[in-house]
Structure formats: structure tokens, C-alpha cells
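The values are calculated or read from the model by the stated rules, or taken from the named source; none is laboratory data. Source: prediction; values computed, not measured. All Cβ positions, glycine included, derive from the backbone under ideal geometry; neighbour counts span all protein chains shown.
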């Protein structure tokens, strides 16, 4: 389940950072509306995507079990009900963590002026990505700092790409 949480945070963080940077030529109110709207829509989308994906995976597992047992009706069994709970948990974790991640680059626009908010949005996203990368490194028993730097650099490259697009289009 942790994989859904981490994936959701990264997705919400980077996609909303893209919205924030892309809209950075606009007023703070427009950036807030675009960022929050994008984060919530992305979270709902990820909830539905994770739930549907887990549901499909669960049905395949049930079919394999039914074929192995040469009987039907596992979906209403303890195993089937447990699998359904896992699908709901996966969807909830994926969707809610996407929304949480999406609010990280939006929050500075609530407190700071435009220029400071944009800087803090990028910094908070990069710091969060480093922390997540370091945690992934710790869990996978790899180089913690290197893992954090890798995810952080990918976030910086994403921000630069979106900034370039915004710069050349606006």
C-alpha cells in the first residue's frame, strides 16, 4: 500500500507544480484556483485509476483461484471481500496522497506574494521529493542520499521543462 501513497504524492506534487509554474504569469488567485482544481481532479482521477486497476488485478487473482479450486463463488468469500477492501484502500491512498502532494506547491500562494510564492512552491516540491527519495532509499536499503538526490533532480528537470514551456508560450 505504501507504493500507492508514494506514487500519489509524487504525481500530485509534480503535476500541480507544473500547473503552478505554467500559470505563474497569472495572478495568485488564478494560480490557486488552477493548482487546487488540478490537484483535486488529479486525486479523484488517481483514486478511480488505482481502484479500477486493483479491481482488474483482483478479478484475475480470483479467476486463478477459482480455476485452481474448480469451483465458483470466491468473490463473496473472505478472500474476495479482503481483496475488495484492498482495492478501496489502494484507491483512497492513491487519490488522497495525490491531493496532499498537489497542495504542497499551491500552499505558498496562500501565504506569500507572487515571486516569493513561486520560489517556495519549487523549493517545497524539491525538498519533498528529496525526502521521499531518501525514504525510498532507506526502505529499499540503497544509498539514502543518492536516492533522494535522484528524485530531487528529476523534480528539478520537470520544473525546468515546464518553466521553458511557460516562458516560450507566454
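Values as computed for the structure displayed
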read-out: Residue 62 part of a helix (DSSP H, G or I), surrounded by 17 or more Cβ atoms within 10 Å (Cβ to Cβ), more than 25 Å from the chain's Cα centre (by Cα) and modelled with pLDDT under 80; value: yes
read-out: Those residues of region 42-52 which are within 19 Å of residue 110 (Cβ to Cβ) and either surrounded by fewer than 18 Cβ atoms within 10 Å (Cβ to Cβ) or without any contact (Cβ under 8 Å) to a residue 40 or more places away in the chain (or both), in sequence order; value: none
read-out: Failed condition for residue 32, given (1) part of a helix (DSSP H, G or I); (2) closer than 21 Å to residue 160 by Cβ; (3) at pLDDT 85 or above; value: (2)
read-out: Residue in region 67-82 that is surrounded by the most Cβ atoms within 10 Å (Cβ to Cβ), counting only those that are within 25 Å of residue 1 (Cα to Cα) and at pLDDT below 70; value: 74
read-out: In region 1-21, residue farthest from residue 90 (Cα to Cα) [restricted to those that are at pLDDT 85 or above and over 12 Å from the mean Cα position of the chain (by Cα)]; value: 21
read-out: Of all residues in region 111-121 being assigned to a helix (DSSP H, G or I) and modelled with pLDDT of 90 or more, the one that is surrounded by the fewest Cβ atoms within 10 Å (Cβ to Cβ); value: 111
